[in-house]
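What follows is calculated from the coordinates using simple rules that are stated; it is not laboratory data. Computed from a predicted structure; not experimentally measured. Methodologically, a virtual Cβ is constructed for each residue, glycine included, from the backbone with ideal geometry; neighbour enumeration extends over all protein chains shown.
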Amino acid sequence: MNSKFNIKLLLIFFLFINYSFADEKIKRIDKVSKNLRCLICQGQSVYDSQSEFALSIRDLIIKKIDEGQTDEEIYDYLKVKYGDWIIYDPKLDKNTILLWSIPLILFIFGGLLIFRKVIIIK
Amino acid sequence: MISHLGSYSLIFCTIFAFLIILQSAKLIGNQSKIFLKKIYTIITLQLFFVIFSFSCLLIAFVSSDFSNITVYNNSHTEKPFFYKISGVWGNHEGSLLLWLLVLVLFLFLFILDTKNYDNKYKLLTVIFQEIIILGFLLFIIITSNPFDYIFPVPLEGLGLNPILQDPALAIHPPILYIGYVGTSLIFSSSLAAVINNTVNSEWAKQIKKWVFLSWIFLTLGIMLGSIWAYYELGWGGFWFWDPVENVSLMPWFCLTALLHTILVLEKRNALKNWTIVLSIATFSLSMSGTFLVRSGILNSIHTFANDPSRGVFILTFLFFLILLAIIVLFIYLENDKKNSNNFNILSKETAVLVNNWFMMYFLSVVLIGTIYPIFLEVFTNEKISVGPPFYQKLMIPFLIPFFIFMSFGPRVKWIKDKLKKINYTQIIVFISSLIIAYIIFSNSSVSYLFSSFLIAASIFLVLNSLYDFFSKSVQIPQKISHFSFSILILSILLNGIYSEEFNSNMKVGDELKFIDKTIKFKGINFDEKDNYKLLRGDFEVIDSGKNTLRFNPEIRIYNQPVISTSEADIKTNLFNDNFIVFTLLKDNEIFNVRYQHKPFMIWIWISIIMLAFGGTLAVIKYGK
Amino acid sequence: MVNKKIKLFLILSSTIFIFFTLYLGLNKNNYYTTENIVYKKIENFESYEFFSNKKINFKNISPDKKYIILNIWSSWCLPCRKEHKNLTELRENIEADLIGLNYKDKFENAKSFLSELGNPYDIILKDENGLISIEIGAYGVPETYLINNINKKIIKKYLGPINEENIKEIQSLVNQ
């Protein structure tokens, strides 16, 4: 039974194998623009929006990539201009330390509670 | 006229709510059935008046009675009949009335369901539920009355935002609200059980079907919203981690945890306090959702028109209920230590705890991610965005242990199990998952080590859930739901990893290459429909095997209100979705064209429906 | 028993804390603006003069003036049309140069916009792809910036069309 299922899965997956992937640069532009909020549109990313602002930001990303800047440098450049609000992926700093750590602390705390409930008796 | 009637019947409902609370409070401790009948009569009357009031709004919408301000703001004579009806709950005021309707209806059904139960428990549940109903009634009457009128009566309404004129979105709110409101009943009855000191197997058995029912509707409601986002927003995604979406996911995690815990309470009479905490948390999260969406405190794609006084009201009411719950718990809840025994590490009880552990973790990620920006802004005046990368980074790494655990969890027996369950078959399954994942990744250029482990873990889960289908120790609803869940996860992951998109500006006649495909923009034509004009694009996508797919996406310009929307054309088959959407740019001849290839999209929807179907089987089984 | 009371106290106080934070959050404006991002230095950039197409460096603009006012405009932007008479009034009553930045515009359209309404600007620079506007930190049109021309720092930002009140404020800031 398992092996039959495996073969099916394999067949499905082989369908993908022929793909080669688009130009690295376009991928990078897409990746960066997906992580940027289009400030003048409600809840859309720069990638999703066709507003003048979003189009300009995309031009800027292309220019910065051509200049050899890293993604981080592009984000930092925009953060200075528009504030942290523009980045969807909040960087770890003094403002976001709790944001990143509270869920993890809760996870450890929960683990300890379960550990106590489970292990005491044999 | 009809608006007046609707408005008055809401006032009657309020009076009834007061009456019921007072009468019930007086009757607690009295075991006489006669007094109880009186309360049931008032509840039935209350239900009647809510239905009546809702019908009034419905009639106002259907007959386009623009003297009613809600109708004026959200409807239009030329709107299709179906959307005139869905317009009733497609706005803030009407949707609250729907909430209220479901609240009262559920209380009524609950009464029917608990005929043979203890009077005190029933009366207490009625009191708590009526407090919630009263809160909503006051909220509607004071801040968001759907029956306000305008004079002079306008001749035409402002119309419903065309982006909301969609079948999935039309039924999304009622389904979602049934899920949300179901949790209110769990809240009320758990508080009642605490006071009555009957948090036990029997209570678990009785409330279990309400838990499942809420869970089914919440699951389907979330799916419908997601389908709408996929088809209508035209961005190709189905989940954007938008605050409003998160708000529906939070009670879902909590309810899923409760769904498992309630079984422990039923079978083993354990985890009493934890079950109660989950019951209260689930409803509080549903209410917080309402608060976060309706108050306009969040910056989201789907914010309702907001008014600060509404936010203050819901917030106060929400915290009143939470404080009420805390006080009840502290006065009446027994210390769990006395009657609790610890669990064996290899037992179903422990497995459920581990499930809860992960659910609570995912919940905390979504909760913190959603409300943290509000807190930060209050304390530091700085605004940050918490978007998809945050959720992905914190959740995806935890999926691997979660999948592996979930592969074994369902098979473990109650009380105590032996280790030899993990036998040679398991090892074979594990190795074959690794091999499959290796083959996928070695032949594709996506070569992240992490993704391959993730896929391996999810394939492991799929194979194991499939194996469980032939196991006797697992029940049928559970088999179906767990297997669908594993398929859901696998499709989401493969979809995420293998989706490809092409986004470019094109003119009519252009031909562009994308990987191994050619995209041709052959032409556009104009057309006119009842309430919109449209521009239909004609596209062809030719793949390396010379197969041609034709696409006709549309740009619609609605007349009331004048808004243009892009309708994607999606070709679906069992293995993948192909998707084209186009939008007009500032210069009239150039269009932005987006083509997407999204594998296994259909399996995401199918598996969610199957997941809910598993839950439905459980309800049927437990309902007997 | 004491333990229980401490627990109750902790839970109640954190609930109340969350309540008040959310309550305060309600009163915050949830629309994001960049109006408060000021006192930042604008780095030098190159642009072209609108009519002559001569290359101009931002650092060399109006060397004799202590302040400059930079206004981002476009012929296709309706609010720009609305604020035009205010801009003209501002230019006549202030000791600072008014620099126009023509945002993503067609030359012909922009020219007829100016000949129709008049040209209040001392210099107009071109921003054909919107990159200069990003450099300055703008996200739409029109936007107006009061800039200290000595250290090139932004003193005040106005998003959207400027009004009479804004003009008074700019005047008092320049006269200080």
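Applied to the stretch B:11-18, the Karplus parametrisation 6.51 cos²θ - 1.76 cosθ + 1.60 on θ = phi - 60° returns per-residue 3J(HN,Hα) values of 5, 4, 4, 4, 4, 4, 4, 4 Hz, with x for Gly and Pro.
Amide H contacts for residue B:576 (H built 1.01 Å from N in the peptide plane; partners 5 or more residues away or on another chain; cut-off under 5 Å): B:600. For the stretch B:263-270, the Karplus equation 6.51 cos²θ - 1.76 cosθ + 1.60, evaluated at θ = phi - 60°, returns couplings of 5, 5, 4, 5, 7, 10, 6, 10 Hz by residue, with Gly and Pro reported as x.
Which trypsin sites (Lys or Arg not before Pro) in the stretch C:51-157 sit in a loop by DSSP (not H, G, I, E or B) and have at most 10 other Cβ atoms within 10 Å of their own Cβ?
Numbers: sites: C:54, C:55, C:59, C:65, C:66, C:81, C:82, C:85, C:91, C:104, C:106, C:111, C:126, C:152, C:153, C:156, C:157; in loops: C:54, C:65, C:66, C:104, C:106, C:152.
Answer in residue order: C:54.
Per residue, the average separation of C-alpha pairs within less than 8 Å and at least 6 apart gives chain C a relative contact order of 27 percent. Cross-link partners for residue A:34 among the aspartates and glutamates, with Cα-Cα distance under 13 Å and sequence neighbours closer than 8 places in the same chain left out: A:48, A:71, A:89, B:501.
Label separation (residue B:171 vs residue B:198): 3.6 nm, computed from points 7 Å beyond Cα along the C-beta direction. In sequence order, the stretch B:372-382 has phi-based couplings of 4, x, 5, 4, 4, 5, 5, 8, 10, 6, 9 Hz under the Karplus curve 6.51 cos²θ - 1.76 cosθ + 1.60, θ = phi - 60°, and Gly or Pro positions carry x. Taking the stretch B:1-164 as the region of interest, the number of lysine pairs whose Cα atoms are within less than 21 Å, with members eight or more places apart or on different chains, is 14.
Between residue B:67 and any residue 5 or more places off or on another chain, the built amide H atoms are never under 5 Å apart. Rounded to the nearest 10 degrees, the inclination of helix C:78-92 to the longest alpha-carbon principal axis of chain C is 70 degrees. The relative contact order of chain B, computed from alpha carbon pairs under 8 Å that lie at least 6 residues apart in sequence, is 12 percent. Restricting attention to the stretch B:515-624, lysine pairs at least eight places apart or on different chains and with alpha-carbon atoms under 16 angstrom apart total 5. Along chain B, the exposed loop sites are GluC sites (Glu not before Pro) outside DSSP states H, G, I, E and B with at most 16 other Cβ atoms within 10 Å, and the longest stretch free of them is B:383-588. Rounded to the nearest 10 degrees, what's the angle between the helix C:164-175 long axis and the longest principal axis of chain C, both from Cα atoms, 0 to 90? It works out to around 80 degrees. Applying both filters, DSSP loop and at most 11 other Cβ atoms within 10 Å, to the trypsin sites (Lys or Arg not before Pro) of the stretch B:60-127 gives B:115. Applying a 4.7 Å Cβ-Cβ cutoff to the protein assembly as shown, the cysteines left without a disulfide-compatible partner are B:13, B:56, B:254. Helical runs (DSSP H, four residues minimum) scored at -39500 (n - 2.57) apiece and divided by the length of chain B put the mean residue ellipticity at 222 nm at -22000 deg cm²/dmol.
Taking amide H as placed 1.01 Å from N in the peptide plane, the amide H of residue B:522 sits under 5 Å from that of B:509, B:538, B:539, B:540, each at least 5 places away or on another chain.
Checking the Cα-Cα distances for C:40/C:65; B:383/C:156; C:65/C:168; C:85/C:111; A:25/C:106; A:94/C:59 against a 27 Å cut-off, the pairs over it are A:25/C:106; A:94/C:59.
Only DSSP H runs of four or more residues enter the estimate; each adds -39500 (n - 2.57), and after division by the residues of chain C the mean residue ellipticity at 222 nm equals -12500 deg cm²/dmol. Sparsely packed loop sites in the stretch B:459-514 (the trypsin sites (Lys or Arg not before Pro) outside DSSP H, G, I, E and B with at most 14 other Cβ atoms within 10 Å) comprise B:472, B:507. Projected label points at residue B:22 and residue B:109, each 7 Å from Cα along the beta carbon direction, are separated by 3.1 nanometres.
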